[in-house]
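The values are calculated or read from the model by the stated rules, or taken from the named source; none is laboratory data. Keep in mind the model is a prediction, meaning the values are calculated, not measured. In this analysis, Cβ positions are derived from the backbone assuming ideal geometry, glycine residues included, and neighbour counts consider all displayed protein chains.
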Amino acid sequence: MVAVGFFSFWVVAPGCYILIGIVCVILKGAQRIVANEKVMAHMTKGTSLIAVSIMACVGCSSTDAVRPGSIANLSHASAFEKLEVEATPEDQARSEVLAAPTEFLVPIEQDRFAWERARFFLENYGSGSGAPSNAVVKVVGARRGLSSAPGPSPYTYEVFKDFSAAGYQYSVRCLSTEGDSELTALNAGNFARFIRDGKLEVSLIAR
């Protein structure tokens, strides 16, 4: 009986050790599979976050590029159907003043009022001193004229009118000691429009 039991131990024991070893290998393999799945899950999440970040950045840059009214993107305005840049009221007034003719005809019945407006402008805005000053009367042959009095402003205004059967032909000028510029044209247009139509943009008077 002892011999049989001893023999059975030596026969069964190695099989148990082999079986235990196989089970350990299987368990380690399962652990590795679970670990790999966790790594892959983390990698997938990381990849998704990176993709979302890239899309967000692209979306932000695209939003900045099509921001309505963006002056920086005016050169690409044709690429966006709804991109519109509206002129300000001051820009519109400036364009109207620059477009005003400096030579125009005033009907005889309106001449008295136009001449009074010319004198008013020269006395209040002509010299640039900020205080009223007398307009200078000029007579050259049959022509009558008015000019601004000397003052601190580099700009000098003058207006002449010539009589005709259709009315009085007015001629307006603005001169500057700093040379001709858009500001002299702006002043001349402002002065001329005020004489003809009674409309004056005081904020656009360069002094």
Residue match in the range 97-109 (condition: modelled with pLDDT under 85 and over 16 Å from N190 (Cα atoms))
no
Since I108 meets every condition but one in (1) touching a helix residue (DSSP H, G or I) at 6+ places or on another chain (Cβ under 8 Å); (2) surrounded by fewer than 18 Cβ atoms within 10 Å (Cβ to Cβ); (3) in contact (Cβ under 8 Å) with a residue 24 or more places away in the chain, which condition does it not meet?
(1)
Has the range 140-152 got any residue that is surrounded by 12 or more Cβ atoms within 10 Å (Cβ to Cβ), in contact (Cβ under 8 Å) with a residue 40 or more places away in the chain and farther than 24 Å from P89 by Cα?
no
Of all residues in the range 167-192 being closer than 16 Å to P101 by Cα and among the β-branched types (V, I, T), the one that is surrounded by the fewest Cβ atoms within 10 Å (Cβ to Cβ):
T184
Matching residues, the range 150-207, being part of a loop (DSSP other than H, G, I, E, B) and among the charged types (D, E, K, R)
E178, D180, K199, E201, R207
